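Student: Have a look at this one.
Each reported figure results from applying straightforward, stated rules to the coordinates on display, with no laboratory input. Predicted, not measured: the structure shown is a model, and the values here were computed from it. Neighbour counts run over all protein chains shown; Cβ positions are idealised from the backbone, glycine included.
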Amino acid sequence: QVALAYSGALVDGRISSGGIIQATFLESLVKRVDNIFAELPNLKANFVRYLGTGKWPDAQSDAVLLSWYLQWYSIPPPLVVASTVEKIKRRAPTGVSMLPLLRLLLPTTHLVGLMEIEKLQMMPMRS
């Protein structure tokens, strides 16, 4: 709704295109999407399962939301993430943040996605 209102205001000439207004709008839109993802009840569990096993959620709505999440943060497939994490674990000292190396090895992945990948590595393994 916000995007449609903004687009309509641009078309009608009520606001000018570009500049600080557009940047502010886009930042607020990004923040809103981030907040929506943070509030989705099954997303975190589905993300953990997907990265760990490569399996998609059974429910179609959960699968769609997970795919949007992966796309939004440009998170690569589970095998790419796993091999990247293994490379880092072999070379980096234990207890040191993986984030800088994740950033170097997965340069197109958004910082939020990288932070989630790092958090998963710190979680205790469940049997």
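Student: For a bin width of 5 Å, list the pair-distance distribution of the stretch 42-127 built from all Cα-Cα distances, rounded to whole %.
Tutor: All Cα pairs considered, the percentages come to 3, 14, 27, 25, 18, 9, 4, 1, 0.
Student: Please give the helix 60-72 orientation as an angle from the longest Cα principal axis of the chain, in degrees from 0 to 90, rounded to the nearest 10.
Tutor: Approximately 80 degrees, to the nearest ten.
Student: Compute a Gaussian network model of the chain, connecting alpha carbons closer than 10 Å, and tell me which residue from Val112, Val33, Val11 fluctuates the most.
Tutor: Largest GNM mean-square fluctuation: Val11.
Student: For Ala63, what charge total do you get from the other residues with a beta carbon under 14 Å from its beta carbon, if Lys and Arg give +1 and Asp and Glu give -1? The partial results should precede the final answer.
Tutor: On the way: positive: Arg49, Lys55; negative: Asp58, Asp62.
Around Ala63, the surrounding residues sum to 0.
Student: Relative to the longest principal Cα axis of the chain, at what angle does helix 43-53 sit, 0 to 90 degrees, rounded to 10?
Tutor: Orientation of helix 43-53: about 40 degrees from the principal axis.
Student: Using a basic spin-label model with each label point 7 Å from the Cα along Cα→Cβ, how many nm lie between Met123 and Ala38?
Tutor: It is 1.9 nm.
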